[in-house]
């Protein structure tokens, strides 16, 4: 086992004594390894000032891991988010997509507003994304049609009534995405849309079509 692996094996122990953590911190050879610096930054027994200093030396993927790890001290997670937000304009599209899938809650608000729908699709897959996050994007008038379609087709979010309602109220939602959404709706929702005088005629027509299809199937 190499030196890096030995250090990481020690730092995997949540109960590693503070004195041992301090020893690794002072070991210049240990700090040469990026993975060791990440493990030190996230360890609960690393002195806070040292952990915050280490955060500034990490690559964006490591910062995303810290940001999303609820075992890491909140101050260290916030520092990771600060670094990510500072570096976000420099990241390539593929990197922003990966970041949207993996980062913690402190960075998600910036990523959900990314102008590229592919980044927003990554945000939809993030395990820490919540329904209010998705409703925010679904309701935003500046959201691109492709972004709204990505939400409307997402297996995790499309079935949520709050998300569906936000999408249907957004005039940028392509009509082709409406019928699959309404196919998931309860009859009372469909009736409210069909009979709602304030609803757009095209939306009312789709609701009527879905209702008629269900009636024929009964």
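The values are calculated or read from the model by the stated rules, or taken from the named source; none is laboratory data. Because the structure is a prediction, the values reported are computed rather than measured. Don't worry about glycine lacking a Cβ; one is built from the backbone with ideal geometry, like all the others, and counts go over all protein chains shown.
Miscellaneous remarks
- Residue check for residue 186: surrounded by fewer than 16 Cβ atoms within 10 Å (Cβ to Cβ), over 16 Å from the mean Cα position of the chain (by Cα) and more than 30 Å from residue 72 (Cα to Cα): yes
- Any hit, the stretch 48-59, residues being closer than 20 Å to residue 119 by Cα, at pLDDT 95 or above and either touching a strand residue (DSSP E or B) at 6+ places or on another chain (Cβ under 7 Å) or in a helix (DSSP H, G or I) (or both): no
- Of all residues in the stretch 109-124, those satisfying the criterion of being part of a helix (DSSP H, G or I) and over 25 Å from residue 54 (Cα atoms) are 117, 118, 119, 120, 121, 122, 123, 124.
- Test: residue in the stretch 68-90 that is part of a helix (DSSP H, G or I) and within 11 Å of the chain's Cα centre (by Cα): yes
- Residue 106, sole failed condition from (1) outside any helix (DSSP H, G or I); (2) surrounded by fewer than 14 Cβ atoms within 10 Å (Cβ to Cβ): (2)
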